[in-house]
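The values are calculated or read from the model by the stated rules, or taken from the named source; none is laboratory data. Quick caveat, the model's predicted, so the values are computed rather than measured. Cβ sites come from the backbone with ideal geometry, for glycine too, and all protein chains shown count toward neighbours.
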Amino acid sequence: MKTTFLWLLLCLLMNSAAADLSNVHKLRINGNGYVSAKQYDSAAACFEKIAEDSIYSNATDHLLLSGCCLQLKDTVRFKTSLLAGIEIGGADSAIIQTYFRRLEQDDLVYFKQYFRESFPAARKLFLSTIDTSVQKEMEDIQFLDQLVRQQGFSEENLPHLKKIGAYIDSVNFVRVKKLIDEKRYPGFHNFGIMSSRYDQILMHISDHNDEQWNFIFEFLKREVIAGNITPTQVVTIATRHYGNNRNCTYYGSTKRGANELCDCKNVDKYRAEIGLDNLLSEYTRLKMKIPECYSSQKIAEQ
């Protein structure tokens with residue numbers, strides 16, 4: 001009885017977290033849409049709501065809010081949001097400045113002057129929170145991950161490089177699994193948005209067998225609920241895996257040429273688990289053609 005109660009409580013908490021994550025994901029979509037339309041007041045309202053969420057906000061949300069505030073000539077909120085973005089895990093100087101590339105010349109000059117003055121101290125504060133041993137381990141893993149892939153493939157060397165690459169991926173999988181098991185793997189809460197640079201490692205190390213993929217996939221689904229990775233990142237990694245290995249799309253993305261749904265009946269359930277709205281809503285928003293099996297299923301349910 002006690003075990004059943006705890007299980008039900010856990011399910012309720014996870015469903016609640018997924019609902020909160022879904023709201024944040026929708027705010028990001030709307031906020032980015034408003035930025036593209038140069039409706040900076042509406043965009044700022046979206047990113048400000050996200051920034052108030054200590055679990056699901058990340059440095060990107062604060063940096064986008066900062067850019068909107070400067071567009072609106074709100075220099076106070078521009079400064080506080082910029083500093084917050086850097087201090088909770090903004091990327092390096094070059095990457096952060098890309099968030100402000102749309103500024104008009106006068107605003108750009110103002111941004112660069114304040115950025116030069118404030119960045120070093122805020123960045124130092126962020127870096128002081130990083131586990132340097134994990135950082136070094138991830139840099140070593142990433143170096144090995146790219147060692148073969150940067151050699152350039154030809155008809156003659158491909159068979160040999162694939163074998164070497166598979167061996168390196170197996171070694172890296174063991175190292176990554178150890179960090180995951182120790183709860184030290186980089187995510188937004190302990191490494192900021194610079195943790196997203198390691199997404200390709202998770203893609204590559206899980207290429208070779210279902211057991212390794214299942215381990216990584218379950219980890220990703222836990223991390224997105226914990227606010228350590230975005231739903232979009234999970235979709236990108238899963239889309240690559242299922243597109244390459246089964247020629248289907250798990251969450252409904254049509255990237256990488258895979259248009260057939262892996263599980264038409266349960267795709268909306270899978271999407272809800274990581275905070276995405278249903279497939280019909282997304283395809284309607286993107287003006288994309290609904291997959292036939294999905295549209296037929298919806299008709300049957302009516």
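How about the stretch 41-68: which of its residues are among the charged types (D, E, K, R) and surrounded by 24 or more Cβ atoms within 10 Å (Cβ to Cβ)? Correct list: Asp61 only. For His204, the stated conditions hold: it is in the same structural domain as Tyr185 (by TED's automatic domain parsing) and more than 26 Å from Val24 (Cα to Cα). Residues in the stretch 205-219 that are under 17 Å from Lys178 (Cβ atoms) and outside any loop (DSSP other than H, G, I, E, B): Ile205, Glu211, Gln212, Phe215, Ile216, Glu218, Phe219.
Among residues of the stretch 122-145 that are over 20 Å from Asn172 (Cβ atoms), those with a Cβ under 9 angstrom from a residue that is in a helix (DSSP H, G or I) and of a type in the set (Ser, Thr, Tyr), sequence gap 6+ or separate chain, pair up as Arg123/Ser93.
Yes or no: the stretch 120-137 includes at least one residue that is modelled with pLDDT of 95 or more and surrounded by 15 or more Cβ atoms within 10 Å (Cβ to Cβ). Yes, because at least one residue in the stretch 120-137 is modelled with pLDDT of 95 or more and surrounded by 15 or more Cβ atoms within 10 Å (Cβ to Cβ).
Among the residues making up the stretch 162-178, those that are among the hydrophobic types (A, V, I, L, M, F, W, C) and surrounded by fewer than 16 Cβ atoms within 10 Å (Cβ to Cβ) are Ile164, Ala166, Val171, Val174.
In the stretch 226-236, is there at least one residue being without any contact (Cβ under 8 Å) to a residue 60 or more places away in the chain and more than 12 Å from the chain's Cα centre (by Cα)? No, the stretch 226-236 contains no residue that is without any contact (Cβ under 8 Å) to a residue 60 or more places away in the chain and more than 12 Å from the chain's Cα centre (by Cα). Suppose the filter is within 23 Å of Thr232 (Cα to Cα) and at pLDDT below 95; does Gln97 pass it? So Gln97 fits the description; yes. So is Phe217 aromatic (Phe, Trp, Tyr), under 22 Å from Asp131 (Cβ atoms) and at pLDDT 95 or above or not? No.
Of the conditions (1) touching a residue at least 40 places away in the same chain (Cβ under 8 Å); (2) within 21 Å of Gly275 (Cα to Cα), Phe215 satisfies every one except a single condition; which number is it? With respect to (1) touching a residue at least 40 places away in the same chain (Cβ under 8 Å); (2) within 21 Å of Gly275 (Cα to Cα), Phe215 is out only on (1). Residues in the stretch 36-77 that are hydrophobic (A, V, I, L, M, F, W, C), assigned to a loop (DSSP other than H, G, I, E, B) and in contact (Cβ under 8 Å) with a residue 60 or more places away in the chain: Ile55 only. Just one of the listed residues (Tyr283, Tyr270) is touching a residue at least 12 places away in the same chain (Cβ under 8 Å), over 28 Å from Arg149 (Cα atoms), touching a Phe, Trp or Tyr at 6+ places or on another chain (Cβ under 7 Å) and in the same structural domain as Tyr185 (by TED's automatic domain parsing), namely Tyr270. Does Gly243 fit the bill of being among the small types (Gly, Ala, Ser) and touching a Lys or Arg at 6+ places or on another chain (Cβ under 6 Å)? Judged against the criteria, Gly243 is a match.
Within the stretch 79-113, the set of residues being closer than 27 Å to Asp53 by Cβ and surrounded by fewer than 13 Cβ atoms within 10 Å (Cβ to Cβ) comprises Asp92, Thr98, Arg101. Number of residues in the stretch 94-104 that are closer than 13 Å to Tyr114 by Cβ and in a helix (DSSP H, G or I): the value is 2.
Just checking, which of Gly152, Gly187 is free of Cβ contacts under 8 Å to residues at least 60 places away in the same chain and surrounded by 19 or more Cβ atoms within 10 Å (Cβ to Cβ)? First the steps, then the outcome.
On the way: Gly152 fails: surrounded by 19 or more Cβ atoms within 10 Å (Cβ to Cβ).
From the options Gly152, Gly187, the qualifying one is Gly187.
Output yes when any residue across the stretch 75-97 is acidic (Asp, Glu), in contact with a Cys (Cβ under 9 Å, 6 or more places away or on another chain) and assigned by TED's automatic domain parsing to the domain that holds Arg28, and no when none is. No, the conditions are met nowhere in the stretch 75-97.
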